[in-house]
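The values are calculated or read from the model by the stated rules, or taken from the named source; none is laboratory data. The structure presented is a predicted model; accordingly, all values stated were derived computationally and were not measured. Please note: Cβ atoms are built from the backbone with ideal geometry, for glycine as well, and neighbour counts cover all protein chains shown.
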Amino acid sequence: MLMLIGEGDIRSLGSACSGRAVSKLVATLLAGAAIGVAGQALQSAIEAGVAVHNQLLQTVFATGLGQAFAVEVVVSVSLVLAAGSMVLLFAPMAAGGGVAAVMAALNGNDIPGLLGLDVFVVKLVGCVLSRVATLAVGVEGPMAHLGACLASALCRAEQAFWDWTQERRRPTGSRGSTACLAGYEALPASDEGEPAERQRSAGGASWSAEDVKLELECGHIKAGEEGGEEDEEDREAGSVVAHVDHSLWHRELVSAGVAAGIAGAFGAPLGGILFSCEEACSYWDRKVAWRCLLCAAMATFVHSQLSATSELGILAISGAPSLTPRQWLVQLPLMAAVSAGAGLLGASFNLMRRRLRRLSPPSRTAARSLGEAMAVAALTVAVIAALSAAVGSCRPLPEHWEAGDVVQHLCPDGQYNDLASMFLGSSVFVIKSFIGLGSDAEPLHTSCGPLGACYFSLPSLAALCASYLLLTALSSNLVVPGGLFMPSIMIGGSYGALCGLALARALPGAGIQPGVFAVVATAAALGGVFRSSISIVAILLEGTQGFNQALGIIAAIAISHYVAHLCGTAGVYHDDLEANKKVLFLHEDPPSALRHLTAINIMRSPVVGFDAIVDPVSGRGRLDGFILRSQLLVLLRHRAYCDAGGRYLHIPPAAAPQLEQQLALLMQESTRRSHSGRLLLVFTGGVSPDPTPLRSPLSSWNAEEEEAPPAAEAAEQHAGLASAASVEPPWRAYADRLQRPPRPWSTAAQQQQQQAPGAGAGTPRTPRPGSHQEEEGEAGAFLNLAPVMNRAPLSVRRFTPAARVHRLFLSLSLRHLCVIDRSNAAVGIITRQDLVHAGHAQKSSC
């Protein structure tokens, strides 16, 4: 569908472009600043919590190891119970890292409650509790999710502010603006792209694949005034432009929020931008990149200003040693072998998560989820206590280390337990120590070896690597918030430091720098777990400030990718998306099965509808628009009924524009609150000699009742309604009624409704004629859908290649697409489920 907008329309919008551009720029910078503040608050809270936890633990160690273990179990289990209870009670979408859910939302799925401020608060507090409870989780995924939540909130605030400033300029009688105000959104590929139908909801796009799209037949009656159709088309064009701008702006800022979250987590603005491009976003263009750059740079700058110890971000790792070109050439084969081993660790981690997911039931109760989280917390404490006592060794405290950075455990004064410090200490401090081995910041003793005066012994590093791999796999599927980036760095860094120290001991004259091997192994482990490439390189280069290590990092990424490919593992985020049966994620490249199919091969048909008024000239089945189910609920709740000529029953014609404006505001609010605004397909039905009226409309409808759909046989009309400056008293009385809550539907009416013949799942149920819900004069009334429905739905022809349909779904973040014939008759509909099943059918046959 191609919509042409004239030069006059563009000029009319030009006056607002500069002001709106400034408003969006300010919102982008404010989002970046808010994300930077949130990152600093998260870092400070974790560091303070870990310090208090270790001080308490060290105090209890004086009474004995058994008492310390009991106290540690109680504290850890209690913190995990608090974090899990917060998630289950207030924000279920705050569990885990959240990156996969944000990816699914930006891909076009509807995830209720994903980007709410309640999720932000629960995720922020839950991350602190999880880290203080010594769980093997990180903060990188939560920071990306937190950034998306703040960006979404700033987008809504900016949109509300702009709507408020433009309220007086909006024409009261414009049907196009009324449909726009009612809550429609179009998500195009670019500013010049075609609009796509997308409804607003509190969480973004439908996480549940079971949401059914109801079809509604609606006729088309031409406006009585001559020339009214041309004016209507002009208004609809302006409405589409407004919707295109709003939904595109929301997607841009959410993508920028993800980039800023990663940038604040690692002090890597370019790495955050590349992560958003490579992982989070399904669509990318220059404007998205520009907003990501501004937001990520602002987040990094604000975080560096607020942090007293870091100039970059949460993972401000620096001080890694460097090698000469000759040393790179000599040691590159050794680094390749270490990278292969680290890549194998990353692939093994993904395989372990996949096996553990198969052992877990598909649906878990709240009690079971909390029980699993507390059991993993107790197991983590037991592993840390056992290994620290059995494998950990006492090391003298270096002069440049602070006593609060390490854990003394049972060692004498002036010494620390190396394994307990790696488990219980700050992750940032431990990772800095790994990558700094052999540098001026962390010089190695001449007798460094398994029993020498190194910072960490080889047995302790091996125990940390093996145990952290298992504990991270167990902690990754819990109900508490937590990411996987930091644990992957711990696994790769400990493995690289282990190999580097062993090689330095075996080859004393080769100039081995264990810190360089730690950085290379970290890159390989991240590549094996996440299967990302460019973003990991940028994050490590910016985070470590070791740009002279680019050769080793790139080689490690390439080798780990090949190892993970041989093991048959995908990235951890894509693995989660594939395992979640409630989300339909479309990958960038269309499946091979779609290359030989067309739209008619994958669509669902016939399109089922109900009897309605039709235009004998236009014929049957003509696609006329889309309307939200929540909008029909508003119309029925407030009895906005009209006669066959489009004249409202309860108000005079002069008050119709004001009524439509107020109903549109109510629809907008209802759609924002709804978890999933289900779309109703509107098209012309079979030709009938007599109009079929709406039978016995409900006089009231509970605002929260969504399990009992309303009567849905309606007539869509272009009724020419007069306008007047004055509003008569009947309209004022009716306007007051709109503000009152509707009366609930009685139980008797519900039972009568459920027993109606022909009522089934996905079919609007209608009470029988003569029910007590009717008021006088409303029997046989109609609904006028023209002012509120979207008159420009996206559609394709029957023989459109399926691969092109896949690209439309991906670039426009669609959830459904109409298929029409050459007469614009709706012959079928394609959903994301149809595309995914078509691709999986090819895989199963191979």
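In segment 140-178, the residue that is nearest to residue 276 (Cα to Cα) out of those that are at pLDDT 80 or above and hydroxyl-bearing (Ser, Thr, Tyr) is 152. Annotation note: of 272, 267, the sole residue that is in contact with a Phe, Trp or Tyr (Cβ under 8 Å, 6 or more places away or on another chain), surrounded by 22 or more Cβ atoms within 10 Å (Cβ to Cβ) and within 28 Å of residue 575 (Cβ to Cβ) is 272. Taking first residues from segment 280-305 that are under 23 Å from residue 100 (Cα atoms) and partners that are acidic (Asp, Glu) and buried (at least 20 other Cβ atoms within 10 Å of the Cβ), the Cβ contacts under 6 Å between residues at least 6 apart in sequence or on separate chains come to 288/252; 291/252.
Entry remark, segment 581-604: residues being over 31 Å from the mean Cα position of the chain (by Cα) and modelled with pLDDT under 85 number 0 in total. Within segment 320-334, being part of a helix (DSSP H, G or I) and either out of contact with any Leu (no Cβ under 9 Å at 6 or more places or on another chain) or surrounded by fewer than 20 Cβ atoms within 10 Å (Cβ to Cβ) (or both) holds for 325, 326, 327, 328, 329, 330, 332, 333, 334. Would you be able to tell me the number of residues in segment 561-600 that are in contact with a helix residue (DSSP H, G or I) (Cβ under 8 Å, 6 or more places away or on another chain), among the acidic types (Asp, Glu) and exposed (fewer than 15 other Cβ atoms within 10 Å of the Cβ)? Adding up the residues that qualify gives 1. Can you pull out the residues in segment 811-836 that are in a helix (DSSP H, G or I) and at pLDDT below 85? Residues satisfying the conditions are 811, 812.
Kindly establish whether residue 560 is outside any helix (DSSP H, G or I), closer than 30 Å to residue 836 by Cα and of a type in the set (Gly, Ala, Ser). Don't jump to the end; show me each part of the working.
Details: outside any helix (DSSP H, G or I): no; closer than 30 Å to residue 836 by Cα: yes; of a type in the set (Gly, Ala, Ser): yes.
Here the answer is no, as residue 560 does not meet what is asked.
Of everything listed in (1) within 21 Å of residue 431 (Cα to Cα); (2) modelled with pLDDT under 90, the single unmet condition for residue 364 is (1).
If a residue has to be of a type in the set (Asp, Glu), assigned to a helix (DSSP H, G or I) and either touching a Lys or Arg at 6+ places or on another chain (Cβ under 6 Å) or more than 22 Å from residue 135 (Cβ to Cβ) (or both) to count, how many in segment 368-425 make the cut?
Pass one, segment 368-425, residues of a type in the set (Asp, Glu): 372, 399, 402, 405, 413, 418.
Narrowing further to those that are assigned to a helix (DSSP H, G or I): 372, 405, 418.
From what is left, the residues that are either touching a Lys or Arg at 6+ places or on another chain (Cβ under 6 Å) or more than 22 Å from residue 135 (Cβ to Cβ) (or both) are 418.
Residues meeting the conditions: 1.
Take the conditions (1) surrounded by fewer than 16 Cβ atoms within 10 Å (Cβ to Cβ); (2) touching a Phe, Trp or Tyr at 6+ places or on another chain (Cβ under 9 Å); (3) at pLDDT 95 or above; residue 375 misses just one of them, which is (2). For residue 57, the requirement of being surrounded by 19 or more Cβ atoms within 10 Å (Cβ to Cβ) and among the aliphatic types (A, V, I, L, M) is met. The listed residues are 530, 517, and the only one of them that is aromatic (Phe, Trp, Tyr), buried (at least 23 other Cβ atoms within 10 Å of the Cβ), modelled with pLDDT under 95 and within 33 Å of the chain's Cα centre (by Cα) turns out to be 530.
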